[in-house]
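Q: Pasting a structure below so you can have a look.
The values are calculated or read from the model by the stated rules, or taken from the named source; none is laboratory data. Since we're looking at a predicted model, the values are computed, not measured. Cβ: placed from backbone, ideal geometry, glycine included. Neighbour counts: every protein chain shown. These accessible areas exclude ligands, DNA and RNA; they are computed on the full protein's heavy atoms, side chains included. Shrake-Rupley method; radii C 1.70, N 1.55, O 1.52, S 1.80 Å.
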Amino acid sequence: MSSPFRPDLPPDPRILDDHAPLVRAIERRGLLRGGLSLGALTMLTGCDVSSTSAVGKALRAISTFNDGVQAVLFDPDRLAPEYPEHLVLKPPRFNAYFPVEEVKPVDGATWRLDVAGSVESKRAWTLQDIAALPEKQIIVRHICVEGWDYIGQWSGVPLRTFLERVGADLKAKYVSFRTADDYPSSIDMATALHPQTLLATKYAGETLPDPFGFPLRLRTSTKLGFKNPKWITAIEVSNVYQSGYSERKGFNWQSSL
Ligand SMILES: Nc1nc2c(c(=O)[nH]1)N[C@H]1C(S)=C(S)[C@@H](COP(=O)(O)O)O[C@H]1N2
Ligand SMILES: [Mo]
């Protein structure tokens, strides 16, 4: 990051294209207007951005800026862009902290969703219980910090509706998730109540396939991919901050788009 900028060797602007999803994510935050240029990136970071790996590092530095600043900057009620159905990627692109061959399918018949914390009803939910809830569909862009993205079509109960059904304290700060693969994750209440935040049970109108989180996964529309835990087994409402798997690897907790 610290090697000197070489104005005598202008970097090829096309190396920005290698990082198109991150550039888009940063631009959508309203920090940059009218398109990010390599010159602007150099000025913002003081780094030599003449190689694709240096560009990636510089962009990640911008994108992982302070959580507190993000909480102030982002309007939690802003809607994410939605897309037409013909752009939906089928099947979706898989990612997890392990390869797809190591996915351990969850048995829907014995699966239960535990509910804990500041809620009136701590009764566990079956798949049938969840299926009886009202369903909403969204077609939104999934953006992974690793630098790829796709448009996905998700359906399931809005998390807000679910939280209302269990009598959750909607003034609590956090909603935290546990998963079958031990991938803890948590979001702020404003994001939990956002109209485009679902507990998804379907992809492209079909039951969620095992690699994509059967039977239940979170689908936020205003956060990076890693804030969408798959194979959810428990939901907790609380005022106690809980870190997540990816946050422990150094990614910032808000990770708003
Ligand atoms: N339980 C669980 N959820 C997870 C992950 C994981 O490893 N385990 N990976 C996250 C990351 S980094 C991404 S990009 C998305 C990928 O979701 P997809 O496979 O549906 O595209 O899942 C997120 N949710
Ligand atoms: Mo990701």
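Q: Can you tell me the FRET efficiency between Ser121 and Ala190 if r is taken as the Cβ-Cβ distance and R0 is 25 Å, rounded to the nearest 0.05?
A: After rounding, the FRET efficiency stands at 0.65.
Q: Under a straight-distance cross-link criterion of Cα-Cα below 18 Å, which lysines are reachable from Lys173, leaving out those fewer than 8 residues away in the same chain?
A: Lys223, Lys227
Q: A follow-up question, please. Report the full-extension gain for the segment Ala61 to Phe98: residue separation times 0.36 nm, less the Cα-Cα distance, to one decimal in nm.
A: Full extension from Ala61 to Phe98 adds 10.8 nm.
Q: Between Arg112 and Ser37, what length comes free when the chain is fully extended (0.36 nm per residue of separation minus the Cα-Cα distance, one decimal in nm)?
A: Length gained, Arg112 through Ser37: 22.1 nm.
Q: How much accessible surface does Val103 have with a 1.4 Å probe, in Å² rounded to 10?
A: Number for this one is 20 Å².
Q: Which value, in debye to the nearest 20, gives the size of the charge dipole of the chain about its Cα centre, when Lys and Arg are +1 and Asp and Glu are -1 at the Cβ?
A: 300
Q: Continuing with the same structure: Would you work out the relative contact order for the chain, in percent, from Cα pairs under 8 angstrom that are 6 or more residues apart?
A: Computed value for the chain: 20 percent relative contact order.
Q: Follow-up question, since we're still on this one. With a cap of 10 neighbouring Cβ atoms within 10 Å, and only residues DSSP puts in a loop, list the trypsin sites (Lys or Arg not before Pro) found in the stretch 131-198.
A: Lys171
Q: Using a 1.4 Å probe, what is the accessible area per residue for the stretch 85-248, in Å²?
A: Per residue, the stretch 85-248 has an accessible area of 42 Å².
Q: Can you list residues whose amide H is under 5 Å from Ala168's amide H, if they're 5+ apart or on another chain and H is modeled 1.01 Å from N?
A: Glu120
Q: Roughly how many percent of the accessible protein surface of the chain is carbon and sulfur, given a 1.4 Å probe and a whole-percent answer?
A: Its accessible area is 54 percent carbon and sulfur atoms.
Q: Ignoring ligands, DNA and RNA, how do Glu120, Glu102 rank by accessible area with a 1.4 Å probe, largest first?
A: Sorted descending by solvent-accessible area, the residues read Glu120, Glu102.
Q: Return one number: the angle in degrees, 0 to 90 and rounded to the nearest 10, between the long axis of the Cα atoms of helix 52-63 and the longest principal axis of the Cα atoms of the chain.
A: 60
Q: Let me ask something else. Grab the DSSP H runs of the chain that are 4 residues or longer, score each as -39,500 (n - 2.57), total them, divide by all residues and round the 222 nm result to the nearest 500 deg cm²/dmol.
A: Result for the chain, helices only: -5500 deg cm²/dmol.
Q: Of the residues Phe162, Phe98, Phe177, which exhibits the maximal mean-square fluctuation in a Gaussian network model of the chain defined by a 10 Å Cα contact cut-off?
A: Largest GNM mean-square fluctuation: Phe98.
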